[in-house]
Amino acid sequence: MNASTGRRSFLKQTALAGVGFWVAGREARAEDTPSTSPAEKLNVGFVGVTNQGAYDLGEVSNVKTVNVVALCDVDDKRLGEAAGKFGKARKYNDYRKMLDEGKDLDAIVVATPDHHHAFATMGALQLNKHVYCEKPLTHTVREARVVAETALKNKCVTQMGTQIHASGNYRRAVEIVQAGVIGPVREVHVWVNSCWSADEPPKDTPPVPPNLHYDLWLGPAEYRPYHPAYLPANWRRWWAFGSGTLGDMGCHYQDLAFWALGLKHPTKISAEGRPVLPEGAPPWLIVNYEYPAQGAQPPVALTWYDANKRPPKFTEWGLNKDWGSGVMFVGEKGMLFSNYDQHHLFPEKDFKDFKPPPKTIPDSIGHHREWVEACKKGDPLGTTCNFQYAGALSEAVLLGTVAYRVGKPIEWDAAKLEVNDSPEANALIKGHYREGWSI
């Protein structure tokens, strides 16, 4: 993907002015407006059909009101395998062409490496098409803000792929915190076991597999020779394409704290890890976020740990390695631990007669189906992880990688979308693209 193959529809300049922005490109046509009639099926195109993309394709296509009309992937072999299950769907290697020819498209699902998220998503939003995009919402902080505001402006139905948000366990944990069971919360700890890291880029240059459109895979990223150290899957290890472990898992686990405490924009972020490398993500990371008070919610200090790092009081709290990844809310009256599958109150002796508060959050019909149904109704606020919520969550997660990469604490001005007195941090906030690409 370069200037010569750019599509005129949406690879145009997008500029930020303060907290607003404008999108230059063609105006939406009548045929670009998705149908929202309950009597009709939702025509969906899929960008990325392998790994997580294959999961999303299966979940969305299983909803009876969905019609799979287009499939896009840079790997011809994987694309052919998916197309074999949906014989009538058009096949593409370039999502720009899919959108240009997609007059029948109502919505798309984006399951690409992170560096393509904003480009595929913005291409659809500019055509007033609904979007389901995997996490994190974008590759840079600025992209997250632009995407969220474009979705709001164009009244598109959106959902970020934090599927665990739909779990009953998360809902019950949120209800406990919001019911005041553990009292006001000023401290949250979030940790995960996984690790995506890399050191120096490979030096050898093996041939590009014949089934792979490598230049399309690079897209907005600066050119580098093909190597299996980058794809498939391993792209998360490299700053050019992903954001390490924090980018992979931060939206899943920090989501619970964002939801329960109504968090939005941190004001100060600091991080520690190994000495920063220009290309590869670190083997471990600890990030400290400071969130301001909001109404009755006091200030919150949230700390992220990955690659088996743990809070200093992990053992003192009564936890051990068998508890795995999770979130600990520290309140004035007690503590709540939750992972994907279970939640527990501590100290256990203080809550032996605990009775859960009334259910205030309805059970989900399913994360993907929730999006499909909202698309059918034309309800931009009908999803729980719409881009207004998910954009702020993604911004916060990505700010952790910015603080680490600049090697010093940063002060975040969310209104201005900039880090105070740090040109090097603001360069990472904005990002850099290959010629012919811009957001």
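The values are calculated or read from the model by the stated rules, or taken from the named source; none is laboratory data. Note that the structure is a prediction, hence the values are computed from the model and not measured. Ideal geometry is used to build each Cβ from the backbone, glycine not excepted, and the neighbour counts take in all protein chains shown. Accessible surface areas use protein heavy atoms only, side chains included; no ligands, DNA or RNA. Shrake-Rupley method; radii C 1.70, N 1.55, O 1.52, S 1.80 Å.
Among the listed residues ALA17, ALA30, which satisfies the condition of being modelled with pLDDT under 95, farther than 23 Å from LYS376 by Cα and either open to solvent by 50 Å² or more (accessible area, probe 1.4 Å) or in contact with a strand residue (DSSP E or B) (Cβ under 9 Å, 6 or more places away or on another chain) (or both)?
Of the residues listed, the single one that is modelled with pLDDT under 95, farther than 23 Å from LYS376 by Cα and either open to solvent by 50 Å² or more (accessible area, probe 1.4 Å) or in contact with a strand residue (DSSP E or B) (Cβ under 9 Å, 6 or more places away or on another chain) (or both) is ALA17.
Surrounded by fewer than 22 Cβ atoms within 10 Å (Cβ to Cβ), in contact (Cβ under 8 Å) with a residue 24 or more places away in the chain and out of contact with any strand residue (DSSP E or B) (no Cβ under 8 Å at 6 or more places or on another chain) - does that describe any residue in the stretch 393-403?
Taking every residue of the stretch 393-403 in turn, none turns out to be surrounded by fewer than 22 Cβ atoms within 10 Å (Cβ to Cβ), in contact (Cβ under 8 Å) with a residue 24 or more places away in the chain and out of contact with any strand residue (DSSP E or B) (no Cβ under 8 Å at 6 or more places or on another chain).
Residues being assigned to a loop (DSSP other than H, G, I, E, B) and small (Gly, Ala, Ser): count how many of those fall in the stretch 211-268. Before the answer, list the steps.
Keep residues of the stretch 211-268 that are assigned to a loop (DSSP other than H, G, I, E, B), which gives 211, 213, 219-233, 239-243, 262-267.
Of the ones still in play, those that are also small (Gly, Ala, Ser) are 219, 221, 229, 233, 240, 242-243, 262.
Residues meeting the conditions: 8.
For every residue, the table says whether it meets (1) open to solvent by 60 Å² or more (accessible area, probe 1.4 Å); (2) out of contact with any strand residue (DSSP E or B) (no Cβ under 8 Å at 6 or more places or on another chain).
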{"position": "GLY318", "(1), (2)": "no, no"}
{"position": "GLY324", "(1), (2)": "no, yes"}
{"position": "GLY334", "(1), (2)": "no, no"}
{"position": "ASN339", "(1), (2)": "no, no"}
{"position": "LYS349", "(1), (2)": "yes, yes"}
{"position": "PHE354", "(1), (2)": "yes, no"}
{"position": "ASP363", "(1), (2)": "yes, yes"}
{"position": "GLU370", "(1), (2)": "no, no"}
{"position": "ALA374", "(1), (2)": "no, no"}
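Which pairs turn up if I take residues in the stretch 85-112 that are farther than 22 Å from PRO232 by Cα and look for partners that are open to solvent by 70 Å² or more (accessible area, probe 1.4 Å) and assigned to a loop (DSSP other than H, G, I, E, B) with beta carbon separation below 7 Å, at least 6 apart in sequence or on another chain?
The qualifying pairs are LYS97/ARG7; ASP100/ARG7.
Scanning the stretch 149-171 for residues that are surrounded by fewer than 24 Cβ atoms within 10 Å (Cβ to Cβ) and either hydrophobic (A, V, I, L, M, F, W, C) or in a strand (DSSP E or B) (or both), which turns out nearest to the chain's Cα centre (by Cα)?
Among those residues, the one meeting the criterion is ILE164.
Does the stretch 53-64 contain at least one residue that is among the aromatic types (Phe, Trp, Tyr) and either in a loop (DSSP other than H, G, I, E, B) or surrounded by 24 or more Cβ atoms within 10 Å (Cβ to Cβ) (or both)?
no
In the stretch 126-147, what residues are part of a helix (DSSP H, G or I) and either open to solvent by 10 Å² or more (accessible area, probe 1.4 Å) or at pLDDT below 95 (or both)? First the steps, then the outcome.
Kept after step one, since they are part of a helix (DSSP H, G or I), are these residues of the stretch 126-147: 141-147.
Those that are part of a helix (DSSP H, G or I) and either open to solvent by 10 Å² or more (accessible area, probe 1.4 Å) or at pLDDT below 95 (or both): ARG142, ARG145.
I'd like to check something: does the stretch 383-391 contain any residue that is aliphatic (A, V, I, L, M) and within 30 Å of GLU279 (Cβ to Cβ)?
yes
Go through LEU398, LEU417 for me and flag whichever is at positive phi and not aromatic (Phe, Trp, Tyr). Step through it out loud before you land on a result.
On the way: LEU398 fails: at positive phi.
Matching residue, one of LEU398, LEU417: LEU417.
How many residues does the stretch 291-306 contain that are open to solvent by 20 Å² or more (accessible area, probe 1.4 Å) and of a type in the set (A, V, I, L, M)?
Residues flagged as open to solvent by 20 Å² or more (accessible area, probe 1.4 Å) and of a type in the set (A, V, I, L, M) within the stretch 291-306 amount to 3.
Out of (1) outside any strand (DSSP E or B); (2) in contact (Cβ under 8 Å) with a residue 40 or more places away in the chain; (3) of a type outside the set (Lys, Arg), what's the single condition that is false for LEU336?
The one condition LEU336 does not meet is (1).
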